[in-house]
Amino acid sequence: MAEQIERSEEPQRSAVAELRDDAASRKRFLKMAGAGAAGGLAVLFAACGGDDRSGSTASETSTPAATATETPAGMSGDLEIVNYALTLEYLEADFYAQVIDSGLVKDKKLADLAKALGQQEQEHVDALKATAEKLGGPAAEKPRTKFEDVLSGGLETVLNTAATVENLGAAAYLGAAGGIEDKDILAAALAIHSVEARHAAALNELVGRSFKGDGKLEGSLPDGAFAKGMSMDEVLEQVKPFIAS
Amino acid sequence: MRDPQPAAPELAAIEIHGMSRSAFLVRSALAAGAVYGAGAVSPYVRGSLAQSGGGDVGILNFALTLEYLEAAFYAQALKDTPGLSGDIKKLATEIRDNEDEHVDALTAAIKGAGGKPVKAPGVDFGDAFASEKSFLKLAQTLEDTGVSAYNGAGPSIESAEVLGAAGSIVQIEARHAGLIRLARGETPAPDAFDKSLTTDEVLEAVKPFVTS
């Protein structure tokens, strides 16, 4: 078993490497479900408890997410999504960097965790930046962030904000996935999406929220067994307080 | 391209959408070839479960098998593991309930798409429930494998709706994985990018726990 999991690193690495090196070469457009399949699958979305969002995140028409990312040319749509993700990752990476610099985290284990999460966000930044450039760019600029109020709020505020941002990140990737046209970019987005979800769950736990977040963070937290995606507009609205420019 | 022969002959008995696993893999490879040309089969089959029109049902059934496995794992853990702490019992109960809901949703989706849901596999988790420690160790492996299975299948999903549903479920699997890892004192994410696994790799990973 351990070897199996080890061995699996190879396809993942190559998927990411291909994303960097060869993103456009094996482009495939997602086929939208026919009306029949969509009707049959309505059952699933009813079970998901989301008559609009969980189903519509992946839908090509009539959703905020799709509208936000709608462009005639596929690759420019993907570039927009990659730059959106890059902006969020910049925000997260910068947040962890500032938290670590602030010295607010005295507990060694917690500090190690913050460093590990921050490092992973930075890896996401690097991969997405390279991807945006590969797609013809330009890559989104690093946003000027505004975390002074959070940092001056002390450790609890910091951890709660980290949880907020991670949950938003997970919801953002889930909301955007259906709009991604290039298979390799989708694979990379999925590989990042689940890492954001791991971060989010760990931080929810550390700040004493339940799995469902105790009613906080409505919108970005899972509705029990099924996670919900958020549109670009919804996510950007919620991260606005942390962006200075 | 990947050898379509079963790496684990005993798993050929697992039926996917009414086909033996081996037939399923061969058929999906052929379907991929038909759509993209033979030369394109390899990249598309790698990291994927199926490409054909019936591929989404095949993927849903594959996911259903994994969810059945996980649901049975937590149900048995709660019943058999001695001395589970309150926190771990609560976490395991929450996860079990989530996995049960995934089973129900996937079953409904497969039926809704005109497919035939697979039956729950026979399971044997060996001595995983000897202690809380051994239970959490295997839980981590199963959750990480589940995440990688969904991530591997995702790009092959043709229907936007099915992709949305799979994304909705995999995020929960990833949250489970993060929490189990945290409970074990490990970092919630072992890597900045979660791995994706092929069908073969997933089946190989869960082989020790599937008896039929």
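Values in this text are rule-based calculations from the coordinates and carry no lab data. In this text, all values refer to a predicted model and were calculated from it rather than measured experimentally. Every residue, glycine as well, gets a Cβ built from its backbone with ideal geometry; the counts of neighbours run over all protein chains shown.
Peptide packing for B:83-89, B:204-210, A:81-87, B:148-154 was compared via the average number of neighbouring C-beta atoms within 10 Å per residue; ordered from the highest value, the list is B:148-154, A:81-87, B:204-210, B:83-89. PRE reach from B:Ser212 (point 7 Å along Cα→Cβ): which of the stretch B:87-121 fall under 12 Å by backbone N? Hits in the stretch B:87-121 for B:Ser212 at 12 Å: B:119-121. Under the combined filter of DSSP loop state and at most 12 neighbouring Cβ atoms within 10 Å, the stretch A:92-179 retains these GluC sites (Glu not before Pro): A:Glu141. Inter-chain neighbour count for A:176-189: the average number of beta-carbon atoms from partner chains within 10 Å of each residue's beta-carbon is 4. Taking the three principal axes of the alpha carbon atoms in the stretch A:120-195, the coordinate ranges are 42, 23, 19 Å, sorted in descending order. Close amide H partners of A:Ile243, meaning residues 5 or more places away or on another chain with modelled amide H under 5 Å apart, are A:Lys146.
Legend: mean number of C-beta atoms from other chains within 10 angstrom of residue C-beta atoms, peptide B:176-189, equals 6. Does a label point 7 Å from the Cα of B:Asp80, set along Cα-to-beta-carbon, have any residues of the stretch B:116-145 with amide nitrogen under 18 Å, and which are they? Zone members listed by number: B:120-143. Legend: mean number of C-beta atoms from other chains within 10 angstrom of residue C-beta atoms, peptide B:91-99, equals 2.
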